[in-house]
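The values are calculated or read from the model by the stated rules, or taken from the named source; none is laboratory data. The structure displayed is predicted, hence computed values, not measured ones. As a convention, Cβ positions derive from the backbone with ideal geometry for all residues, glycine included, and neighbour counts pool all protein chains shown.
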Amino acid sequence: MSASAEPPVLSLSNVVSGYKGLQVLKGISFDIAAGDFVTVVGPNGHGKSTLLKTISGLVALTSGAIRINGEPAPAKPHTIAGLGVAHVPQGDMLFPEMSVLENLLMGAYLAPSKAEVERRLDEVYTLLPKLSDRRDQLASSLSGGERRMVGIGRGLMMGGQILLIDEPSLGLAPLIIEQIYGVIAELSRSGRTILLVEENPARVADLADHLHLLDDGVIVWSGPPAELLARDELLATYLGG
Amino acid sequence: MNKTSSSKGMSINARIDLLVSLLLIAAAIALPFMIDSRYVLGQIVLALFYATIASQWNLLFGFAGVFSLAQMAMFAFGGYATAMICFYFGWNVWAALLPGALSAVVFSLIVGLACLRLTGVYVALLTLAIAQTMYLLIVTDTECFTMVGSICRQFTGGAVGFARFGDLGTRALLKGQWLAGNYAIIATLFAVTMLVTYIIVKSPIGLAFRALKDNPGYAVARGVNRFQAQLLVFGISAFFTGLAGGFYAAHFQAIGPGILSMSQLMFIIAITVVGGVGTFWGPLVGTIVLVAADELMREAGEFRTLGLGLIIALSILLMPKGLVGRLGDLLSWLRSRDRAAASAINFQEKPATTGK
Amino acid sequence: MFDILTAILIAGLTTGALYALATVGLSLVWGSMGMLNMAHAAMLTLGGYSAFTLCTVLGLPVIVGFAGAIVIGAVAGGLLYVLIVRNLLKTDKATFEANVMIATVGIGIALENAILLTYGGQPLKQPISANGSFVLGPVSLPFQNMLIVLVVIALMAVIALLLGKTRMGRAIRATAQNREAAQLMGVAVNSVYFQVLVLSGAIAGICGVMVSSMTQLSPPLGNDPMLKAFIMCVVAGLGNLPGAVAAAFGLALLEAFVQYVAGARWGFPTLLFVVIAVLIWRPAGLFGRVQIRRM
């Protein structure tokens, strides 16, 4: 991980957030540099999804600061796309009554021109050819793996350099998971900055530069993923072995 | 609603409720002696009816979250049932009141069953449709059911309704003071309704209702049977509303489809909203404010309905918690300021074990 | 027999077209915002009276009256958002649903009475209407009815194109289908809500002009179409626009049939029975999808 002089693309300091009456994140701080692949793991229900939602604005920040490319992150979720951050949420959150193509077009909602939309669409179809095959199919009629791909494709259509991906392996068969991670690896290779939430650290051991272990709203351990997998006591305590 | 329990037994909120109740009872007893005008006393009796209905709609919607628009249909059902029992079977009004209320309960359970799988605005639409149907069936009933003298009478009374089927007996007993007698009866009805409602709201049943409104999933997970609770709140709400309907018919010695009109329903909703949805005293406060405002606007004549519409819209916009809700917030704020001041001074006090 | 059938068909299709227009306005708002706009009736009435004022009182040409109704309806919708809905949206969903319904009831009552106070309660004649009929063999088709059906079909086409093919329409549908995801894409949902209410207001304005051209202008003009539009929305299922249009025509034909066969006063109760039955057997509506409640 390079220690460059530019500001980190994503910077969290003492982030505290939660839902009414329930504090989930209790003081999170870390930075992500351009091109990094950072993953967050931890037991379920301890704030991984909330972390991504706080960055994108779906969950309000109680205290602390979030900076994107040095600028303070906005509180409103609809401005995050304009800052180049694409949040691919858990469970896809596709538009069920729209076709695959329409879902992708929605991803390019803020695109400056039709030509740009076409360009991004070509890029997505190249990376995910199945989406081209199924472009007119209704999102609600797709299989789990196809939906996941539409979700990622839609995130790419936003044209940003920062991707927040929430549990891409959720509910999918092992073979499909491999395909999805193949796509994600390709995205990382192309220089995008990725913050990925994952339940099973073994899946991202080869891909991620850096890992944070989140438990009960705080980061309890940070380091290279391979190191976590070697530490049996951490695995046992937080991830059930 | 924070309940800071002191070691002295009753919570502060409960003591406020008791104090207010005692004051109201004293005022209610003194009232007929202080008012000369028959018109004013009559309007107060009418207001008491509104307050009773509003308190039950508040129970249904404010506490249990059921957005029913059939409240006046319950009221009418009870009233019509009482009137018809007296009219067709010749019973005394007092004997017919309970059966009237119970038949309203049966009706409400049927409505409740129909609404079981629905939520939110769908409940509102279904109950509205049922109330409208009831209104139409009564008003368009033209078939002669019986003959009274030479006049044709419909089974449901048609557009004319029922009259001269009996009264509360105060005219015979009190002669000129019959209105004060009726006032006492209706005031007692209101007091009993409020008391029972209070007991229910503070009981485990009341908690179950509130859980249904605030977090249905959580309630179900904790073992609250959603269907039973919903039917129960429909039934309770209908009992007192239907009973009030019977008393209404007896007091005015007449009942007709006019009570099913939209504007009557809107008035009840407005009362509850202005007073404070989901608060205990809201319906009473709302009744006092809106009946007073209505009287004042009577001078304005044709601007009355316009004014009512604006009041409803502005209240929900500016004071969604209603007057009582706002007052409650103010009291909580004052109390938390006092507590902060007190604990700043007395740092030798025992560590507080009360909730934050 | 043939006469009766054609009479029922003409009446049913005309009222169906009018109800469809009223329903689309409601369903659009309901589907994208979860809001039951009880002021829709008054907005219809406002549209009718606007056209009347522009044409009869101010003497302007018919086309100005028609356009004026659209503009005033749109403005009314916009005001409704800015003054009322925007502030109520800050609460959670369940509270918002009830609060906005109550608030719009208040606004509806106030608006209807304001119109009553300004114009008086006596029925007025809508100047935008056509006289005469088109005779096709044994059948006589009044121009008025044909005009209404044609205008409504044209409008439906415009709205379908708007929603289906434009960026704004996509944003509206996306917000209706998954609000949070739409926000992540950069959709400012508050703008969408504003646009939807403006659109719905414009549609209500046109609808009011056309309804009053068939009957007459009076302050409670919009109440009947609005209630029936609700019924049709519910029967079709929340937010389902094509379904609502189909329900509108279907139920209008049913109403016309029942009125001819059993008498005028059985029309509305029939619709009520239908909606009660639908809500009990298919709580999500005939074409609606059952929302899985994530506990």
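The table below gives the values:
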item	result
Residue list for segment B:244-274, restricted to those being hydroxyl-bearing (Ser, Thr, Tyr) and within 12 Å of chain C (Cβ to nearest Cβ)	B:Ser263, B:Thr272
Given (1) within 11 Å of another protein chain (Cβ to nearest Cβ); (2) out of contact with any Ser or Thr (no Cβ under 9 Å at 6 or more places or on another chain), index of the condition C:Ala182 fails	(2)
Single unsatisfied condition, B:Thr82 versus (1) in contact (Cβ under 8 Å) with a residue 24 or more places away in the chain; (2) touching a Phe, Trp or Tyr at 6+ places or on another chain (Cβ under 7 Å); (3) outside any loop (DSSP other than H, G, I, E, B)	(2)
Of all residues in segment A:100-114 being at the interface with chain C (Cβ under 7 Å from one of its Cβ atoms) and outside any loop (DSSP other than H, G, I, E, B), the one that is nearest to A:Ser169 (Cα to Cα)	A:Gly107
Members of segment B:297-334 that are away from every other protein chain (no Cβ under 14 Å) and at pLDDT 80 or above	B:Leu323, B:Val324, B:Arg326, B:Leu327, B:Gly328, B:Asp329, B:Leu330, B:Leu331, B:Ser332, B:Trp333, B:Leu334
Subset of segment C:89-107 [of a type outside the set (Ser, Thr, Tyr) and more than 7 Å from chain B (Cβ to nearest Cβ)]	C:Leu89, C:Lys90, C:Asp92, C:Lys93, C:Phe96, C:Val100
Selection status of B:Phe234, modelled with pLDDT of 90 or more and buried (at least 24 other Cβ atoms within 10 Å of the Cβ)	yes
Among (1) assigned to a helix (DSSP H, G or I); (2) closer than 27 Å to C:Val105 by Cα, the one test that C:Ala181 misses	(2)
Complete set of residues in segment A:25-45 that are surrounded by 19 or more Cβ atoms within 10 Å (Cβ to Cβ) and not in a strand (DSSP E or B)	A:Ala33, A:Asp36, A:Gly42
The listed residue being under 29 Å from B:Ser261 (Cβ atoms), away from chain B (no Cβ under 14 Å) and crowded, with 22+ Cβ neighbours inside 10 Å, out of C:Ala256, C:Ala248, C:Ala229	C:Ala248
The listed residue being within 20 Å of B:Gly258 (Cα to Cα), more than 19 Å from the chain's Cα centre (by Cα) and at pLDDT 90 or above, out of B:Ala83, B:Ala70, B:Ala76	B:Ala83
Any hit, segment A:46-55, residues being outside any loop (DSSP other than H, G, I, E, B) and either in contact with a Lys or Arg (Cβ under 6 Å, 6 or more places away or on another chain) or surrounded by fewer than 20 Cβ atoms within 10 Å (Cβ to Cβ) (or both)	no
Looking only at segment A:71-99, and only at residues there that are in contact with an Asp or Glu (Cβ under 7 Å, 6 or more places away or on another chain) and more than 9 Å from every other protein chain (Cβ to nearest Cβ), the one that is farthest from A:Met157 (Cα to Cα)	A:Gln90
Complete set of residues in segment C:87-103 that are out of contact with any helix residue (DSSP H, G or I) (no Cβ under 7 Å at 6 or more places or on another chain) and part of a helix (DSSP H, G or I)	C:Lys93, C:Thr95, C:Ala98
Any hit, segment B:66-77, residues being within 14 Å of chain C (Cβ to nearest Cβ) and either in contact with a Gly (Cβ under 7 Å, 6 or more places away or on another chain) or over 20 Å from C:Leu272 (Cα atoms) (or both)	yes
Given (1) touching a Ser or Thr at 6+ places or on another chain (Cβ under 8 Å); (2) assigned to a helix (DSSP H, G or I), index of the condition B:Phe280 fails	(2)
Unmet requirement for B:Phe107, which otherwise passes all of (1) among the hydrophobic types (A, V, I, L, M, F, W, C); (2) under 30 Å from C:Gly237 (Cα atoms); (3) within 12 Å of chain C (Cβ to nearest Cβ); (4) in contact (Cβ under 8 Å) with a residue 40 or more places away in the chain	(3)
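Yes/no matrix, rows are residues, columns are (1) in contact with a helix residue (DSSP H, G or I) (Cβ under 9 Å, 6 or more places away or on another chain); (2) assigned to a strand (DSSP E or B); (3) over 21 Å from A:Val183 (Cα atoms):
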| site | (1), (2), (3) |
| --- | --- |
| A:His87 | yes, yes, no |
| A:Glu116 | no, no, yes |
| A:Arg119 | no, no, no |
| A:Asp122 | no, no, no |
| A:Lys130 | yes, no, no |
| A:Met149 | yes, no, no |
| A:Ile152 | yes, no, no |
